[in-house]
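Participant: The structure is given below, and queries will be raised subsequently.
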Amino acid sequence: AHQRQLEERNRFKDQFIATVAHELRNPLAAMNSCVGILRMGQSPDQNAGRAVQILERQVKHASKLVDDLMDLSRVRSDKLK
């Protein structure tokens, strides 16, 4: 019974991680699209350019973390080796 309870908790944790990662993808994709739009009409203002660079770097970093979470979930559910 105790082992089954641990397995259930572990499965719930894995589902939670997968759900969070999936839900984060949508806002990150929107932010990444905004970066592209800002780059197309980039202002000559140096501060605006720097803000776009920071936003772009952070979106890429967060996207990589989400991808890692998704991969972890897939490995734990035997969908990815």
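The values are calculated or read from the model by the stated rules, or taken from the named source; none is laboratory data. Not measured: the values here are computed from a predicted model. Accessible surface is based on the protein model in full, side chains and every heavy atom, while ligands, DNA and RNA are left aside. Shrake-Rupley method; radii C 1.70, N 1.55, O 1.52, S 1.80 Å.
Participant: Would you work out what percent of the accessible area of the chain, with all protein chains in place, is carbon or sulfur (probe 1.4 Å)? Display every interim value, and only then the final one.
Facilitator: On the way: 3730 of 6440 Å².
Percent of accessible area from carbon and sulfur atoms in the chain: 58.
Participant: Keeping every protein chain present and rolling a 1.4 Å probe, give me the accessible area per residue for the chain in Å².
Facilitator: Values: 6440 Å² over 81 residues.
So the chain comes to 80 Å² accessible per residue, rounded to a whole number.
Participant: As a test of reading the structure, rank Arg57, Arg74, Arg9 by solvent-accessible area (1.4 Å probe, protein chains only), most first.
Facilitator: Per-residue accessible area, sorted high to low, gives Arg9, Arg57, Arg74.
Participant: Roughly how tilted is helix 46-76, in degrees to the nearest 10 and between 0 and 90, from the longest Cα axis of the chain?
Facilitator: 20 degrees
Participant: Against the longest alpha carbon principal axis of the chain, how many degrees, from 0 to 90 and to the nearest 10, is the axis of helix 2-40 turned?
Facilitator: 10 degrees
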